[in-house]
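Working notes for the structure below.
The values are calculated or read from the model by the stated rules, or taken from the named source; none is laboratory data. All values derive from a computational prediction rather than experimental measurement. We place every Cβ from the backbone using ideal geometry, glycine too, and count neighbours over all the protein chains shown. Areas reflect the complete protein model, heavy atoms only, side chains present, ligands, DNA and RNA absent. Shrake-Rupley method; radii C 1.70, N 1.55, O 1.52, S 1.80 Å.
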Amino acid sequence: MALTQEQINTIKATVPVLEQYGGIITTTFYKNMLSENPELKNVFNSANQITGHQPRALAQSVYAYAANIDNLGALSAAVENICNKHASLYIRPEQYNIVGTYLLAAMKQVLGDALTPEIHDAWAAAYWQLANIMIDREAQLYKEGGDWTDWKKFKIAKKVAESAEITSLYLEPVENVDGKALPPFKPGQYISVMLDVPNLNHQQARQYSLSDSPNSNYYRISVKKESGVNPTNPEMKAHPGYVSNILHDIKKEGDVILVSHPRGDFFLSEQSVEKSHPIVLISAGVGLTPLMSILNTVACKKSSAAGAAKCPFASHAQNSGTAAPTGQCPFSGKSANASTTPHSSSSPRKIHFIHGTRSTEAQAFRKHLLALQTKTSSSTDNESNSQGDSDKENEAKPRSNLDVHVTFFNKTPAAGDVKGKDYHHVGRIDLDKLDRDTELYLNDPKTEYYVCGPEGFMTETRKKLVQYGVDVDRVKLELFGTGGVPAA
């Protein structure tokens, strides 16, 4: 039921109160709800409870809802983001009753008599207005998942160290007795992983981006080990990541974990995969993982469409350690050596993969990125930037409908690093150091920009691109963890 105008006015009048007391209300809410409903501890991130990040994120969401109560369209992106996360955790309608009860009770506990019956009733109506919107959307997402309606068991088929702190896990379904293909996902989406945390005496779930192109046999995630130490701000309160440390240090190949259906509202659409306009992928740190999925998907698709003599992913597929046939292209399912269609005479699609890392040791997928650049770019384009890691990677390039360009920003290159090969610029990502037309493709009004990394990095990158004249709708941002990216 829609709110009355009087209720809308009441909610808007409480905005200053939420600005002052929102954090106290949400902290009280989580404390009471989780102590009296311990089964919900499986759903909520315990590390974020300790650091206070989750209560702060909820407080910001409640404040944003109140401030836009008469313009809910402004919240549509945030609601879609939250609904996808809820669906990845299999949140059920009945759990909204618990949340609503404890949220209103926390408001009463903190505000006391200031929460009059009129204000209470207005907030109860506002809560259920939003809750019903989310319940309906999540029902749609569950329906899209078909018969995958709950957590499924997956085996860790292989673990591969990608850097000093990022490890890839190849996950295969345990109960796939009929050989049914895994559901495809949109490049950029994530899965949730659920496992037991011994020192908490309950389970915990985390979302991890799928870091490879869709494959019928396995999902790949690439997990950063969260030590709890922020190298750029050692005094900042943090907490070791329960799940990431278990996946790195305890879980072995052959172990079983619980996995959700792929979800997420940050992705390259199927239509965009088929198009030819440029794509710029900009990441910092572990933010490169969903962008690897986008890059690999487009590379496999374009290679297949071009009838390349050899798919750029031949060596990748051969080394995947999965049940995939040797040399199979993970996207198309065709042989990596198959030539199916004549090479297109049109210009290859340009992709620029821009990545920032704080050190060489922390950088993941460097070898793969440079090999892909070498195998897809034209022989005369960015020669100094197209050096692979071995003579094998510099074999004759197949014809391709793709032109990949890679740029690395490294805050602290290692002593033996070579500029132009191991890195290209020292320091954090600075778009002003890149050519606006040949590297950022600003001269093409259809260029898409996908950005992933820390919140401050993403909002600054978006701001810079908009200053360059890019329409904000062509800049897509993804934030890991609790909360969302602030609106432009």
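Per residue, how much accessible area does segment 1-127 have with a 1.4 Å probe, in Å²?
Here the per-residue accessible area is 49 Å².
Could you point to the residue in W123, T101, P38 farthest towards the positive end of segment 36-142's charge dipole, with +1 and -1 charges on the Cβ of Lys/Arg and Asp/Glu respectively?
P38
So, taking all protein chains as they sit and a 1.4 Å probe, how much accessible area belongs to I91, in Å² rounded to tens?
Here the residue's solvent-accessible area equals roughly 20 Å².
Rounded to the nearest 10 Å², what accessible area does M134 have for a 1.4 Å probe in the complete protein model?
20 Å²
Leaving ligands and nucleic acids out of the surface, order D403, D265 by accessible area at 1.4 Å, largest first.
Final ranking, largest accessible area leading: D265, D403.
So for each of 206-212, 54-60, 16-22, 115-121 I average, over its residues, the number of other beta carbons within 10 Å; can you give me the resulting order with the highest mean first? The partial results should precede the final answer.
On the way: 206-212: 25.3, 54-60: 19.6, 16-22: 15.9, 115-121: 13.3.
Result, highest mean Cβ count within 10 Å first: 206-212, 54-60, 16-22, 115-121.
Using a/c under 1.5 as the rounded threshold, could you call segment 5-144 rounded, prolate or oblate? The axes a ≥ b ≥ c are square roots of the C-alpha gyration tensor eigenvalues, and prolate needs a/b larger than b/c, oblate otherwise. Display every interim value, and only then the final one.
Numbers: a/c = 1.66, a/b = 1.16, b/c = 1.43.
Cα axes put segment 5-144 in the oblate bin.
How large, in percent, is the carbon and sulfur part of the accessible surface of segment 82-221 at a probe radius of 1.4 Å?
Here it works out to 54 percent.
Report the calculated FRET efficiency for D121 and D444 (r = Cβ-Cβ distance, R0 = 41 Å), to the nearest 0.05.
Details: r = 53 Å, r/R0 = 1.30.
Working from the Cβ atoms, E equals 0.15.
Using the Cα gyration tensor of segment 152-259, with a ≥ b ≥ c the square roots of its eigenvalues, what is the shape: rounded (a/c below 1.5), prolate (a/b larger than b/c) or oblate (neither)?
Prolate, because a/c is 1.5 or more and a/b exceeds b/c.
How long is the gain from A161 to E175 if the chain were fully straight, where each residue apart is worth 0.36 nm and the alpha carbon distance is subtracted?
The A161-E175 span can extend by a further 2.4 nm.
Taking a ≥ b ≥ c as the square roots of the Cα gyration tensor eigenvalues, with a/c under 1.5 meaning rounded and otherwise prolate when a/b beats b/c, else oblate, which class fits segment 90-136?
Working: a/c = 4.07, a/b = 1.88, b/c = 2.16.
Cα axes put segment 90-136 in the oblate bin.
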